[in-house]
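As structure tokens, the structure follows; a few thoughts come after it.
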Amino acid sequence: MLSERIQIISSEFGIDISKVKDLKDLENLRLKYLSRNGIIPLLFEDLKSASKEEKPLLGKSLNELRNYATNQFDSLKENLEISSSAKEDKIDLTLPGIIKTLGSKHLLTQTLDEIKSIFKGLGFSILEGPELESDYNNFEALNFPGDHPARDMQDTFFINKEFLLRTHTSPVQIRVMSSQKPPVRAIMPGRVYRNEAVSSRSYCMFHQVEGLYVDTDVTFAELKGTLVSFAQQFYGEGLNYRFRPSYFPFTEPSAEMDITCYLCHGKGCKVCKQTGWLEILGCGMVDPNVFGYVNYDSEKYTGYAFGMGIERTAMLKYGITDIRVFFENDIRFLKQF
Amino acid sequence: MKISINWLKEYVNLQNVTSEEIISKLNMCGLEVEDEVNQNEIYKDFIVAYVKEKKKHPNADKLSLCKVDTGKEELEVICGAPNVDAGQKVVFAPVGTLIPKGNFRITKAKIRGIESSGMICAEDELELGDDHSGIMILDDSLAQGTPITKALKLDDVLLEIAITPNRPDALSHIGVARDLAALFNVELEIPRIILNESSTNIDTLASVEIDDLINCPRYSAKVLTGVNVKESPEWLKKRLTNLGLRPINNIVDVTNYIMYETGQPLHAFDLDKLKSKKIIVKSTKSETSFITLDSKERKLQPGTLMICDDQEPVAIAGIMGGENSEISNSTKNILIESAYFNTSSIRKTSKTLGLSTDASYRFERGIDPEGTLNSAERAAHLISELSGGEVAKGFIDVYPNKIERKLADLRFSRLEKILGYIIEGEAVYAILSKLGFEIKYQSDEKLTCAIPTFRPDIEREIDLIEEIARINGYENIPTVNKINILLGEKKDESKFTDELRNIATSLGFFEMINNPLQSEKTASLIGNKISVLNPQSADMAYLRTSLIPGALSVVSKNINVGEKDMSLFEIGNVFSKRGTEVDIKSFTDFYEQQKLLLLITGRSSNKGWNSSEKFYNFYDIKSFVESFLAKISLDNVLEDSYYHGDDRFFDLYFTKNYLKSVIGKGGRLKKEILKHFDIDYSVFCFEFDIDVLKKIPLKSKRYLEPLKYPKVTRDFAFVFDSSVNYEEVLTFIRKSGSKLLKSVSLFDLFENESIGANRKSMAFTLEFFSVERTLNEDEVEKEFLGLINSITKKFDAKLRGN
């Protein structure tokens, strides 16, 4: 009977279409079922001989079969065409991509950027000052008396008796305090110069970040807290630290801050000279004499200052053992970071 | 400064304290231990051995073949020292021993065909001295096999302590011991001396007169007669050699020993060489020549403080004695000088002479004016013990204006205000007392103390606070875990340069940092160079006047290592005087300007599977500059000028101008400049003045709605005379076009025979649109034809394609 054949053909079509793998199989499927002499059009021929009563119902199911088959065919054809075009377009996807070179900031700038962002988060401004400085700003107002041996701590390039290449970023402290009243909270990065023989460990210039905070209730305890917070953000949580007494003419009490050697974790190695500690910065409470030079009332205000070398910081962090690398600007070095 | 732990322990009872604890405490009180030599550790493998037999090495003239008895076994050892001989007791390093000098380990080794099992050592190899003339020969009584640590009493721990300039008191064993006494809360025990003096009064033997009391406030002296100058005993020699000092004789050695004990530099004169047995301390009036005891002739400036006898100088005060009054083997009578000199006078002379000695180092930092006599007596006592001399009765002590102890107050509230925590009054009292401060008064609020004269660094309350903080331990100062943040204005003066760096890196540039110190030649290229008074070398004697030379050195160095393609930038300061003849007296006499340099050389793109090789050219640097300015919204604010021809740096260049002044300049670098840096490739660069750039007022950015109506484009190409330049045509088109003409861009340019000699073709795309409506074809066509017409007329150009 026609109605049974319709059902059988419907299920046979379902099986056949599920076996189609490529466009060639699909074409065979079309020829078998949908072409002019295919099975489905031939069923319509058979419909003509069906009885009047059966015709509407059989016609309906036959139409459904044809629509179903056509839809199935079309959507499969579309899918097969897409995948086959990809196959036919035989490009080598493993060829290298086209590299666009991005530049990069110098490693020292990157290191400084990181330091700046930490201190910005702690509420510090960022201020700058000149490299060619007066003896007054660089030494005298920072409580380095004219003939004091403390001046030997910093070998200086002089321009003449009154001018020099700044030996540290601390003169910016003087510039800032001379031009504004407390509170002052700022870091002052910049380039400094030392008349030291060039070697793997020292260069005639390097970079520092100075820090200064002056207000009515600034204590050594706050200095410690702030610098510990910095060190943890910069070098990573969980490090051990210590503050050792030291001497700088412009701070008192003065200290040096050490952190556990990141290489040997405190056991002692070549980098930390077997001590287990790495010195990362110098700091202290602003000496009242310095306040005197900038007309701050040292009874009312207290403050702290600190300074760290950026080269040293970057050397520690990235395992660089020769400071000269920073200033040779070998493009192979610059591209590494 | 070198410090011996064994020696320290003579002044403080720390018998049960390990050297590690001592080192740790010293580090944490501001006396930083930079190096530690533990003799027990270093010399643990060395032993005494007996040279039983010595033969000549069969294959080498200068080597000996020794049979060595180590107490346990007999070994064959090859020795190169000329003084080795059978029957000697020597220092022997068995196989496996680490030799301090050179840090190498002894292995069994064949030397000229014969195996040697160990090494007989010289003094320098053990770092006990610098003698390498032969091996050390030990006392016969030592048994072979005895560890050298025992035989030579090498059982000390020696420290190298970095003494900061504020702590002259710590330049001695007693000074360091005083800090330890406070740190460990034990007593400081200073040796007491009972002098056995002769009946001869010192005044009959010598006299002292101070002519310059400002530079020599105090001069104390002791006299000894009938001394026997000879080698010092072992214990004394060892003390000195341990500290790196060379023993000389029992007189000089004692003076050095006392200096390392008390910090007071002493000098011993041969009293019989002092004319009229008289000392006069005075400053020179004219330039003087003087031979110091190192046999060097020194030229002394007028005003140099000298120790003189009745006729001539016998020592440079506080720095070095003279050859003419030196202790010799025949010296019988001596005068021990123990003086206090003005710090800056000694420092000045030491600097001028370029002569720094253990004595001058201490005097220029400040010694204890109260300690002179005690040190002289201590020395007299020891010398008399070691040399058999008699100490003359009494002392000479010229000290007319006594230096008084200063008083200082400490408020406990201030202590807390600075440190951020409370230290109890009792603890404060204990610390200050142990450090030698005399507490004169104490209440709940404050204390007053007398500052010991050996602490010239202490005068103020803050100085006392530091003393208390460092002895109580910085580790006891709390570490706060919250801070207040100021809500006021925050500045970031580096923001603009940070932005420039971001743009440069996004355009593919790499940042350099160059040394601003340069040679005269490169600093002379532009501006008025500033010289350094005391340069390290001629290569670094001037400050840079431009960033270009430093960058070219970098290009050159990179090319030498095979890296020829570079796009580099630098942000840095350049320096220039306001005139060639200007003397820098104030900040207005020179410029320090921040500059930005962009530099490109080599290939802009490499040959690849889908790209061809391209080299940077003039237009690349130009477009980088444009991109840069566009990013900081200055692209339509500045004007360009173009130049062919001569400039210090460039042969083709352009400038960027703001209000008629040049704020940036760059182009192609001249061959002769490149040649100076050994560069054979084309280099393009552009230098901006950041300080000016930063100050140009910017219009604030406003949102522009995207265009709603279509754009109409038209192309045309003309043949021009080759003298016509692009900018002229561009300006003309822009000026002639209506409001509807929004953009003009060059899309083709060529010159060749087909269009005739001295002709060039330029093709432009014109873009028309309105933000208010859709344009109709006719109005565009009309304007387009009009433009063709006027260009043809204006430039005598010929429309192509017609």
FRET efficiency, 1/(1 + (r/R0)^6) with R0 56 Å, evaluated for B:S537 and B:Y703 via beta carbons:
0.45
With every protein chain in place, chain B: carbon and sulfur % of accessible area (1.4 Å)
47 percent
Which aspartates and glutamates does B:K54 reach when only Cα atoms under 14 Å apart count, and residues fewer than 8 places away in its own chain are ignored?
B:D69, B:E74, B:E76, B:D85
Round to the nearest 10 and report in Å² the accessible area of B:M1, as given by a 1.4 Å probe over the protein chains' heavy atoms.
40 Å²
In square angstrom, rounded to the nearest 10, how much accessible surface does A:K273 have for a 1.4 Å probe?
130 Å²
Partner chain Cβ atoms within 10 Å, averaged over the residues of B:488-495 - can you pull that number for me?
6
Do any residues of region A:208-240 lose at least 30 Å² of accessible area when the full set of protein chains is present rather than just their chain alone, and if so which, with a 1.4 Å probe?
A:T219, A:F220, A:A221, A:E222, A:K224, A:G225
Region A:72-134 - percent of accessible surface contributed by carbon and sulfur, probe 1.4 Å:
56 percent
Only protein chains counted, 1.4 angstrom probe. Which residues of region A:137-153 are at least 30 Å² less accessible in the assembly than when their chain is isolated?
A:D147, A:P149, A:D152
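How big is the A/B interface in buried accessible area, both sides summed, 1.4 Å probe, to the nearest 100 Å²?
7600 Å²
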Rounded to the nearest Å, the spacing of the alpha-carbon centers of region B:76-141 and region B:228-249 is 23 Å
Using +1 on the beta carbon of Lys and Arg, -1 on that of Asp and Glu, and nothing else charged, what's the dipole of region A:2-88 about the Cα centre, debye to 20?
160 debye
Chain B: relative contact order as a whole-number percent, Cα under 8 Å and 6+ apart
8 percent
With a 1.4 Å probe and all protein chains kept in place, how do B:E466, B:E297, B:E563 rank by accessible area, largest first?
B:E297, B:E563, B:E466
Positive dipole terminus of the protein assembly as shown, leading residue within B:I111, B:S633, B:W609 (C-beta point charges):
B:W609
How large is Rg over Rh for chain B, taking Rg from the Cα atoms and Rh as the Kirkwood inverse mean of 1/r across Cα pairs?
1.17
Region B:634-681: trypsin sites (Lys or Arg not before Pro) falling in loop per DSSP and having at most 14 other Cβ within 10 Å
B:R648, B:K660
Quick tally, 1.4 Å probe accessible area for B:I483, A:I99, B:I148, sorted with the most first, runs A:I99, B:I483, B:I148
Size of charge dipole - chain A - debye, nearest 20, with Cβ of Lys, Arg +1 and Asp, Glu -1, no other charges:
1000 debye
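Could you list the GluC sites (Glu not before Pro) in region A:278-337 that lie in coil according to DSSP, counting only those with at most 16 other Cβ atoms within 10 Å of their Cβ?
Sites meeting the loop and neighbour criteria: A:E299.
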Could you give the Stokes-Einstein D for the protein assembly as shown in µm² per second, using the C-alpha Kirkwood radius, 37 °C, 0.692 mPa s?
87 µm²/s
Projected onto the charge dipole of region A:107-334 (unit charges on the beta-carbon of Lys, Arg, Asp and Glu, signs +1, +1, -1, -1), the Cα from A:P245, A:V192, A:S117 with the largest positive-side position is that of A:S117
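If you place +1 on the Cβ of every Lys and Arg and -1 on the Cβ of every Asp and Glu, how big does the dipole about the Cα centre of the protein assembly as shown come out, in debye to the nearest 20?
Values: 145 positive and 166 negative charges, 671 e Å.
Using only the charged Cβ atoms, the result is roughly 3220 debye.
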Using alpha carbons only, how many angstrom separate the centre of region A:83-143 from the centre of region B:500-556?
21 Å
Could you give the angle, 0 to 90 degrees to the nearest 10, between helix B:343-353's Cα long axis and the longest principal axis of the Cα atoms of chain B?
70 degrees
Please give the FRET efficiency for B:K52 paired with B:I248, using the beta carbon to beta carbon distance and R0 = 41 Å, rounded to the nearest 0.05.
0.70
With a point put 7 Å past each Cα toward its Cβ, work out how far B:E563 is from A:E114 in nm, to one decimal.
2.1 nm
Output the Kirkwood hydrodynamic radius of region A:93-251, Cα pairs only, in Å rounded to one decimal.
18.1 Å
With labels modelled as points extended 7 Å from the Cα through the Cβ direction, what inter-label distance (nm, one decimal) is found for A:M1 paired with A:E81?
4.1 nm
Which pairs in the list B:K631/B:K656; A:K105/A:K335; B:K348/B:K402; B:K495/B:K694; B:K108/B:K150; B:K521/B:K671 are over 20 Å apart, alpha-carbon to alpha-carbon?
B:K348/B:K402; B:K108/B:K150
Determine the sum of side-chain charges near A:Y241: Lys and Arg each +1, Asp and Glu each -1, restricted to other residues whose C-beta is under 15 angstrom from that of A:Y241.
-2
Could you please report the charge total around B:S384, scoring K, R as +1 and D, E as -1 over all other residues with beta-carbon less than 10 angstrom from its beta-carbon?
-2
Ordering B:D678, A:D155 by the accessible surface of their heavy atoms, 1.4 Å probe, largest first, yields B:D678, A:D155
I'd like to check one number: the per residue accessible area of chain B, probe 1.4 Å, reported in Å² as a whole number.
48 Å²
State, to one decimal in nm, how far the label point of B:D124 lies from the label point of B:K446, with both points 7 Å from Cα in the Cβ direction.
6.1 nm
On the principal axes of its Cα set, how long, how wide and how thick is chain A? Give whole Å, largest value first.
127, 44, 41
Rounded FRET efficiency, nearest 0.05, which uses the C-beta distance separating B:N196 from B:S330 and R0 of 35 Å
0.90
Do any cysteines in the protein assembly as shown lack another Cys Cβ under 4.7 Å, and if so which?
A:C204, A:C283, B:C29, B:C66, B:C79, B:C121, B:C216, B:C308, B:C449, B:C685
Taking placed amide H atoms and a strict 5 Å upper bound, the residues 5 or more places from A:I159 or on another chain that come that close are A:L164, A:L165, B:L533
B:F590 accessible area, nearest 10 Å², 1.4 Å probe?
10 Å²
Label-zone membership for region B:253-276, site B:E312, 7 angstrom Cα→C-beta point, backbone N under 14 Å
B:273-276
Over all distinct Cα pairs, what is the inverse of the mean 1/r for region A:2-88, reported as the Kirkwood hydrodynamic radius in Å?
13.8 Å
So, in Å, what gap is there between the alpha-carbon centers of region A:18-52 and region B:302-369?
123 Å
Of A:F220, A:T321, A:V176, which is farthest along the charge dipole of region A:107-334 in the positive direction, counting Lys and Arg as +1 and Asp and Glu as -1 at C-beta?
A:T321
Give me the net charge of B:Y653's neighbourhood, meaning all other residues with Cβ under 12 Å from the Cβ of B:Y653; Lys, Arg count +1, Asp, Glu -1.
+1
Hey, what's the Kirkwood Rh for region B:135-233 if you take every pair of different alpha carbons, in angstrom?
19.8 Å
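The values are calculated or read from the model by the stated rules, or taken from the named source; none is laboratory data. Please read all numbers here as calculations on a predicted model, not as lab measurements. Counting neighbours? That spans all protein chains shown, and the Cβs are built from the backbone with ideal geometry, glycine included. Note: accessible area is taken over every heavy atom of the protein model, side chains too, but ligands, DNA and RNA are not part of it. Shrake-Rupley method; radii C 1.70, N 1.55, O 1.52, S 1.80 Å.
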